[in-house]
Amino acid sequence: MIIKQKRIRNLSKLKVLETGSRFRVGVVDVEKRIKEMKEIGFTNELKIGETILPDIIGPATRRNAEGDYILLRDKPKEQHSRMIEWTYKQWAGRGETREVTESTSISYERFQRQVIPPTGIEFTIVSNRKSKNLVSPVFVMDETKRNEIISAVNVILEIFGECEIFDSTNNPILPPKVIRLNWELLPKGKFPWEKQKERLEPYFKRAIGTNRAVIEKRIETINEYSPDFTAIGTGGFGGYIVHGFEDLNMYILESVKVNNATYVLRNDWESISQLTKAEILNNDLHETRIVHNKNWYKNLNHLFDKNLS
């Protein structure tokens, strides 16, 4: 059973499946779709078991990876703020000036928002006797799972232009050992900021407009504490970065998004890297979060002072 259209809005295309039946969605023969597979974060090898939260290429993959929001235009506007970097000339004496860059917070009004969390569905390369296929986790046909099923189908449609329904009755698929690709661990070592900044370019280029200066300054500040390793998110984790301080058992998760928060995690890196994005952000696995506001630098310094004492 193949669906060929831009997106679905309900489960009518899956009405042949009985309530309670178990199925997956995906595409067959991914070795013929190498361009699309690489675009969402898979390797050239397309190994059995590779699993990833697909990178963002359009609205369906964005909602799956990052969620969405609804503007509440019928409610009073709310005060909001965002951080910016600004540079100016400061008098230095003896007829000279010097260039100074600072972070500041700008307040403005905006419509209130109802946040819709990401569905966070990952997809896995599996094999049958004929080909390598890309599939979702197993779904059970149930109206209560409607949004997840629709999201999974629309993600596949957005990437490949078609979506196949795999019924375990006629095409059994055994789950392989999972090889998650959501993080790229950079080579370890202490690097000066200019070198580290160059290595982190895939992360910084996801910043929007003038936000990049704010984000670079924030990451430079964390880098001053000499993390033991740095890992960049790939696929749908793109825009996230982890700094590991192994002696402190402290892992700092930072986002390329401004007006978000810095998450402080207490767990070994191997465990963190195997979690889904939803598990990391939504299940209270963080010890604390440092909100992106004018007190961020002070609060980060306090975090390290407390852990290094």
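The values are calculated or read from the model by the stated rules, or taken from the named source; none is laboratory data. Here the structure is a predicted model, which is why all the values come from computation and not from measurement. Don't worry about glycine lacking a Cβ; one is built from the backbone with ideal geometry, like all the others, and counts go over all protein chains shown. Please note that ligands, DNA and RNA were not included when accessible areas were found on the heavy atoms of the full protein model with its side chains. Shrake-Rupley method; radii C 1.70, N 1.55, O 1.52, S 1.80 Å.
Being closer than 19 Å to GLU66 by Cα and without any contact (Cβ under 8 Å) to a residue 12 or more places away in the chain is the requirement here; does LYS195 meet it? Don't jump to the end; show me each part of the working.
Numbers: closer than 19 Å to GLU66 by Cα: no; without any contact (Cβ under 8 Å) to a residue 12 or more places away in the chain: yes.
Here the answer is no, as LYS195 does not meet what is asked.
Where in segment 95-161 are there strands (runs of 3 or more DSSP E), lying wholly inside it, with at least 3 residues that are of a type outside the set (Lys, Arg) and open to solvent by 40 Å² or more (accessible area, probe 1.4 Å)? Break it down stepwise before answering.
Numbers: elements: 96-110, 112-116, 123-127, 132-135.
Output list reads 96-110, 112-116.
Do we find a residue being within 21 Å of the chain's Cα centre (by Cα) and of a type in the set (A, V, I, L, M, F, W, C) anywhere in segment 217-228?
Looking through segment 217-228, at least one residue is within 21 Å of the chain's Cα centre (by Cα) and of a type in the set (A, V, I, L, M, F, W, C).
Determine which member of the set GLY236, GLY244 is open to solvent by less than 10 Å² (accessible area, probe 1.4 Å), in a helix (DSSP H, G or I) and small (Gly, Ala, Ser). Write out each step before concluding.
Working: GLY244 fails: in a helix (DSSP H, G or I).
Matching residue, one of GLY236, GLY244: GLY236.
Only one residue in GLU201, GLU254, GLU216, GLU220 is buried (at least 21 other Cβ atoms within 10 Å of the Cβ) and under 21 Å from ILE84 (Cα atoms). Which one?
Numbers: GLU201 fails: buried (at least 21 other Cβ atoms within 10 Å of the Cβ); GLU216 fails: buried (at least 21 other Cβ atoms within 10 Å of the Cβ); GLU220 fails: buried (at least 21 other Cβ atoms within 10 Å of the Cβ).
Step by step, each of GLU201, GLU254, GLU216, GLU220 is checked, and only GLU254 is buried (at least 21 other Cβ atoms within 10 Å of the Cβ) and under 21 Å from ILE84 (Cα atoms).
From LYS13, LYS6, grab the single residue that is within 18 Å of GLU164 (Cα to Cα), touching a residue at least 40 places away in the same chain (Cβ under 8 Å) and not in a loop (DSSP other than H, G, I, E, B).
Values: LYS6 fails: not in a loop (DSSP other than H, G, I, E, B).
None of the other options fit; the residue is LYS13.
Of all residues in segment 16-51 being open to solvent by 90 Å² or more (accessible area, probe 1.4 Å) and not in a loop (DSSP other than H, G, I, E, B), which is farthest from GLY235 (Cα to Cα)?
Pass one, segment 16-51, residues open to solvent by 90 Å² or more (accessible area, probe 1.4 Å): 16, 18-19, 22, 31-32, 35, 38-39, 44-45, 47.
Remaining after also requiring not in a loop (DSSP other than H, G, I, E, B): 22, 31-32, 35, 38-39.
On the way: ARG22: 27, GLU31: 18, LYS32: 20, LYS35: 14, LYS38: 9, GLU39: 8 Å.
It comes out as ARG22.
Please state which of the following conditions ILE84 fails to meet, knowing it meets all the rest: (1) within 23 Å of THR276 (Cβ to Cβ); (2) β-branched (Val, Ile, Thr); (3) open to solvent by less than 50 Å² (accessible area, probe 1.4 Å).
Among (1) within 23 Å of THR276 (Cβ to Cβ); (2) β-branched (Val, Ile, Thr); (3) open to solvent by less than 50 Å² (accessible area, probe 1.4 Å), ILE84 violates only (1).
If a residue must be assigned to a helix (DSSP H, G or I) and under 25 Å from the mean Cα position of the chain (by Cα), how many such residues does segment 287-309 contain?
Initially, segment 287-309 is screened for residues assigned to a helix (DSSP H, G or I), giving 296-308.
Of the ones still in play, those that are also under 25 Å from the mean Cα position of the chain (by Cα) are 296-297, 299-300, 303.
The qualifying residues number 5.
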